[in-house]
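Undergrad: For reference, the structure I am asking about is given below.
The values are calculated or read from the model by the stated rules, or taken from the named source; none is laboratory data. On a predicted model such as this, the values are computed, not experimentally measured, just so you know. FYI the Cβ positions are ideal-geometry reconstructions off the backbone, even for glycines, and counts take in every protein chain you see.
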Amino acid sequence: MAYTLEEFCENTTRTLAGTPGAAGRDAVRQDLEKLLKDKDFVAKYCGPDAEPGIRTVYRCPETGYNVLVHVYEKGKKGPPHDHGDSWAIYGQAVGHTVMTIWKRLDGGDAKGKANLEQDKVFRLDPGMAGKFEPRDIHGIEISDGSKFVRMTGTDLNTIETLVFNASEGTVQPGNRL
Ligand SMILES: [Fe+2]
């Protein structure tokens, strides 16, 4: 049965309003996997003619979550970062994304310093979605031609988020994928 972006967003708003916390967000993650398996959705937003770039396709007036579509020609690798007080869900439509999860070992007491340890690595292939809770730290490696949906609990341009340099042991405010 077809599943549209509009139906997905209606369901997501209902889920987030009715089930706060990680459980609701995991239900949204599973629902996003269902959307990513809809051929019409993928063709419309992530088809061969999709313009490279990042587009916000929905912002919920009720709960504040955002749905963005990312389209890349060339792959790239980004540094470890968090999404501040926001959660995030990444769902792959085309190509793949490798996620590296990091643990922060220090207490955040020394300004500009952070001690990170690599925790685990997983790969998102088409139809798969991964969830990150507030303050989770991850790095992202995008394949050539990767197209994915990214959801955030809040518009990340409106909150403080952190970018880490694991080898130098440093951290600074910044906004990354
Ligand atoms: Fe991210």
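Undergrad: Between a residue in the range 86-102 that is touching a residue at least 12 places away in the same chain (Cβ under 8 Å) and under 14 Å from Val69 (Cβ atoms) and any residue that is within 11 Å of the ligand (Cβ to nearest atom) and charged (D, E, K, R), which pairs come within a Cβ distance under 9 Å, given they are 6 or more apart or on different chains?
TA: Final answer for the pair search is Ile89/Arg150; Tyr90/Arg150; Gly91/Arg150.
Undergrad: Checking Ala93 against (1) touching a Phe, Trp or Tyr at 6+ places or on another chain (Cβ under 6 Å); (2) within 12 Å of the ligand (Cβ to nearest atom): exactly one of these is not met. Which one?
TA: Result: Ala93 fails condition (2) only.
Undergrad: For Val163, only one of the following conditions fails: (1) closer than 25 Å to Gln30 by Cα; (2) surrounded by fewer than 20 Cβ atoms within 10 Å (Cβ to Cβ); (3) touching a His at 6+ places or on another chain (Cβ under 9 Å). What is its number?
TA: (1)
Undergrad: Tell me which residues, restricted to the range 103-118, are touching a residue at least 12 places away in the same chain (Cβ under 8 Å) and of a type in the set (A, V, I, L, M, F, W, C).
TA: Leu105, Ala114, Leu116
A quick yes/no check of all residues on (1) farther than 20 Å from Thr170 by Cα; (2) in contact with a Lys or Arg (Cβ under 8 Å, 6 or more places away or on another chain); (3) of a type outside the set (A, V, I, L, M):
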residue: Gly75; (1), (2), (3): yes, no, yes
residue: Pro79; (1), (2), (3): no, yes, yes
residue: Asp82; (1), (2), (3): no, yes, yes
residue: Leu105; (1), (2), (3): no, no, no
residue: Gly108; (1), (2), (3): no, no, yes
residue: Glu117; (1), (2), (3): no, yes, yes
residue: Phe122; (1), (2), (3): yes, no, yes
residue: Asp125; (1), (2), (3): yes, no, yes
residue: Phe132; (1), (2), (3): yes, no, yes
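Undergrad: Residues to consider are Arg14, Arg25; find the one that is modelled with pLDDT of 95 or more and surrounded by fewer than 18 Cβ atoms within 10 Å (Cβ to Cβ). Steps first, please.
TA: Values: Arg25 fails: surrounded by fewer than 18 Cβ atoms within 10 Å (Cβ to Cβ).
Exactly one residue qualifies, and that residue is Arg14.
Undergrad: Further, regarding this structure: Taking the range 47-91 on its own, how many of its residues are in contact with a helix residue (DSSP H, G or I) (Cβ under 7 Å, 6 or more places away or on another chain), crowded, with 19+ Cβ neighbours inside 10 Å and under 16 Å from Leu35 (Cα atoms)?
TA: Total meeting the criteria: 4.
A quick yes/no check of all residues on (1) over 12 Å from Leu177 (Cα atoms); (2) away from the ligand (no atom under 16 Å from the Cβ):
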| residue | (1), (2) |
| --- | --- |
| Thr97 | no, no |
| Ile101 | yes, no |
| Leu105 | yes, yes |
| Arg123 | yes, no |
| His138 | no, no |
| Ile142 | no, no |
| Arg150 | no, no |
| Glu160 | yes, no |
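Undergrad: Which residues, counting only those in the range 121-170, are among the hydroxyl-bearing types (Ser, Thr, Tyr), under 17 Å from Asp82 (Cβ atoms) and outside any strand (DSSP E or B)? Give the derivation first.
TA: As a first pass, look at the range 121-170 and keep what is among the hydroxyl-bearing types (Ser, Thr, Tyr): 143, 146, 152, 154, 158, 161, 167, 170.
Keeping just the survivors that are under 17 Å from Asp82 (Cβ atoms) gives 152, 154, 158, 161, 170.
Passing the criteria: Thr154, Thr158, Thr161.
Undergrad: Which condition from (1) at pLDDT 95 or above; (2) of a type outside the set (A, V, I, L, M); (3) surrounded by fewer than 20 Cβ atoms within 10 Å (Cβ to Cβ) is the one that Phe148 breaks?
TA: Condition (3) is where Phe148 drops out.
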